[in-house]
Amino acid sequence: MANDASAVFDTLSPAVSKGSLADPFTPPVDSSLWRKNFLLGAATASYQIEGAVNEDGRLPSIWDTFSAIPGKVLAGDTGAVACDHYHRWEADIEMLASLGLEGYRLSIAWSRVMDAAGVPNRKGLDFYKRLLNRLKEKGITTFVTLYHWDLPQHLEDRGGWLNRDTAYRFADYADLMSRELAGTVDAWATLNEPWCSAYLGYGNGHHAPGLANDRFATQAMHHLLLAHGLAVPVLRANDPASQKGIVANIGRGTPNSDSAADQRAAHLFEVQHNAWILDPLLKGAYPQDLFELWPGTEPLVLDGDMQTISAPLDFLGINYYFRTNVASDGAHGFRDVPLEGVERTQMGWEVYPDGLRDLLTGFKRTYHNLPPIYITENGMASDDQVTDGHVDDTQRISFLKRHLAAVDQAIKAGVDIRGYFLWSLMDNFEWAFGYERRFGVVHVDYSTQKRTVKRSAEWVAKFLKERKARA
Ligand code: FCB
C-alpha cells in the first residue's frame, strides 16, 4: 500500500525496517525528523511514577482511593511506591539527559502542592522547583501537565468534576503553579486526556472515581473543559513566555464494512473520541452527533462557557495509541469488531501508525484554526524481561520507527507538528492495569527500583546523537 506509513518508511530506508539496533536509524534525508528543532522527548505522569503518597504533606487523590478498592486495579496494585521517583528524581533526570532526550513531559500532583483550603504546600512545591530547575540546567525543554487524572480526593468528596466549582478550584491551582514555577516551564498543558477523565472516570467507571453514567460523563467533560478555559488566561498572565495548551487522546475508528450503517458507526466512534473534545476547543460547540449517540445527555452549559473554552491555544498535544474497527450496533451506536491477524501489543491494542497520520491530516481539514501540534504521547506496552543486563524490546523500536514515519508523512501533508514525546520514559503504574503492562524505554525492576535502559532507548539515543552530529 503506497500510503502505508510503515511501507513508505521501509521502501525509503530498508535497513530500518528490521527493528534491530544494529540497523542505523536512517530516516530519508528529507525527513522532518532530522530538523533539529523537531523536539524529541519522553513523557511521564505524577501518580504513575512518584510514589511517596503520604510524604511531605501530600493529600490523597482519587487514584489512591480507587486503587485501594479490591478489583479496580489488576493484581491490587497501587501507586503508593510506583517508581519511587519522588526520591530518585535526580538519577532519573541524569538518565533522561544521558539518553540525549531533548524534552521531558511531566505532570504535577495537585494534592502535593495545595490543601483543601487552597493553602500552598511548600514542601510539595519545592519538589517540583528542584526538578524543573535541574531540567533547565540540563537544557531539557519542559512540558508540564497540571492535571494528569489525580484529582485531590477532597474535591471528589464535593462532587469532583460533576461540580462546576472544581473548574474554579483548578484555575486557583493553575494560578499558584504558574506564579511559583514561571520561568522554568516551556509549555503548560492544562489537562491530560479529558476524554479519559470524563468517560473512563464518570462514564464507564473503569478509572477513578469509578462512576458510570453517560450524563455524568458529558457534564464532567464540560467542567473539565471549562477548567482548561479558565486556566489558560491565568497561565498567560503569570507566565507570558511559555506556551499554553491542552493534551487530547485521539482514536481512529474504521468501518468494518462499506455499508452506510458501519460508516456511520465509525463516524460516531470518532465523534465520541475526538470531536467531543476538539469541537468545543476549536469550534466553540459540542458536536450534535454526540447526543444522537447518547440521547438526552446534553450538559448544562452557562452563558459564556463556550467562549471561555474555545480561547486560542498555542499548541495542541495529541496522544495516539491504536485504532478500533467498528460496526453498527443495530441501534444508534457502534460496537467494536476486533480484527483478526493484525499486530497487537501487550495491551491488545492494534499497531496502526497510519491512524495517526490520517487523523492529523483529517483535523487539518476539519479545523481551520488547528494550533501547532506536539505528539505528547505515543508508545506501546510489551512484556519486557531483563536478560544479561539487556532488554530486547524489538517490537517497540519498530513501533516507534513506524509512528515517527507517520508523523513525518503528516508534516509533509501540511500539518504543523513540532515534536514527539514517547510514552514512557520508564515502566510505571499503568492505571487499571497496574505494573504488569510495561510502556517504558527504560525497564524498572519494582523489587529493587533498578532501572535498565532498553534497546529502544539505546536506539533513540543513537538517533539523537547522530542528528546532533549532523547539525
Ligand atoms: C494514556 C495516559 C498515560 C498512559 C498511556 C498508556 O491514556 O495518558 O498516562 O497510561 O495512556
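The values are calculated or read from the model by the stated rules, or taken from the named source; none is laboratory data. These numbers were taken from a predicted model, which means no experiment stands behind them. Glycine also receives a Cβ, built like all others from the backbone with ideal geometry; neighbour counts cover every protein chain displayed. Only protein heavy atoms, including side chains, enter the accessible area calculation; ligands, DNA and RNA are left aside. Shrake-Rupley method; radii C 1.70, N 1.55, O 1.52, S 1.80 Å.
Structure data summary
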quantity: Neighbourhood charge, 13 Å Cβ-Cβ cut-off, centred on Arg344 and excluding it, Lys, Arg +1 and Asp, Glu -1; calculated: -2
quantity: Relative contact order for region 21-180, counting Cα pairs under 8 Å that sit 6 or more residues apart, in percent; calculated: 27 percent
quantity: Contact order normalised by residue count of the chain, Cα under 8 Å, 6+ apart, percent; calculated: 18 percent
quantity: Sparse-neighbourhood loop sites, GluC sites (Glu not before Pro) in region 333-405 - DSSP loop, at most 15 other Cβ within 10 angstrom; calculated: Glu340, Glu343
quantity: Percentage relative contact order, region 234-316, counting C-alpha pairs under 8 Å, at least six apart; calculated: 33 percent
quantity: Region 315-380 and region 84-123: distance between their alpha carbon centers, rounded to Å; calculated: 29 Å
quantity: Region 5-470 - charge dipole about Cα centre, Lys and Arg +1 at Cβ, Asp and Glu -1, debye rounded to 20; calculated: 1300 debye
quantity: Helical mean residue ellipticity (222 nm; -39500 (n - 2.57) per DSSP H run of 4+; nearest 500) of the chain; calculated: -11000 deg cm²/dmol
quantity: Region 204-346, dipole about Cα centre (Lys/Arg Cβ +1, Asp/Glu Cβ -1), debye to the nearest 20; calculated: 320 debye
quantity: Charge dipole (debye, nearest 20) of region 291-392; +1 at Cβ of Lys and Arg, -1 at Cβ of Asp and Glu; calculated: 420 debye
quantity: Pairwise centroid distance, computed over Cα atoms, of region 259-309 with region 417-471, Å; calculated: 34 Å
quantity: Accessible carbon and sulfur surface of the chain relative to its total accessible area, %, 1.4 Å; calculated: 52 percent
quantity: Built amide H within the under 5 Å cut-off of Arg252, gap 5+; calculated: Phe322, Thr324
quantity: DSSP beta bridges in the chain [antiparallel fraction, %, rounded to 5]; calculated: 20 percent
quantity: Extent along principal axes [Cα atoms of region 5-470; Å; largest to smallest]; calculated: 58, 57, 45
quantity: 14 Å reach of a label modelled at Arg88, 7 Å along Cα-to-Cβ, counting backbone N of region 427-455; calculated: 427-429, 440-454
quantity: Qualifying aspartates and glutamates (Cα of each under 18 Å from Cα of Lys364; at least 8 residues distant if same chain); calculated: Glu270, Asp279, Asp314, Asp354, Asp408, Asp416
quantity: In region 32-67, the trypsin sites (Lys or Arg not before Pro) that fall in loop regions by DSSP, at most 15 other Cβ within 10 Å; calculated: Arg35, Lys36
quantity: Prolate/oblate/rounded call for region 90-193, Cα gyration tensor, a/c under 1.5 rounded; calculated: prolate
quantity: Positive-pole candidate from Ala432, Val351, Ala405, dipole of region 346-471, charges at beta carbon; calculated: Ala405
quantity: Sequence-distant residues sharing a close amide H with Gly100 (under 5 Å, placed H); calculated: none
quantity: Residue among Ile246, Ser32, Phe66 farthest towards the positive dipole end of the chain, charges placed on Cβ; calculated: Ser32
quantity: Out-of-range pairs (alpha-carbon distance over 22 Å; input Lys138/Lys468; Lys36/Lys412; Lys136/Lys465; Lys129/Lys465; Lys129/Lys454); calculated: Lys129/Lys465; Lys129/Lys454
quantity: Cα-based reach from Lys123 at 14 Å (exclusive), listing aspartates and glutamates while leaving out same-chain residues under 8 positions away; calculated: Glu55, Asp56, Asp115, Glu180
quantity: Net charge of Cβ neighbours under 10 Å - reference Ser178; Lys, Arg +1; Asp, Glu -1; calculated: 0
quantity: Other-chain or far-sequence residues with amide H under 5 Å of Asn121's (modelled H); calculated: Met114, Asp115
quantity: Label point distance in nm, Asp126-Lys138, each placed 7 Å from Cα along Cα→Cβ; calculated: 2.2 nm
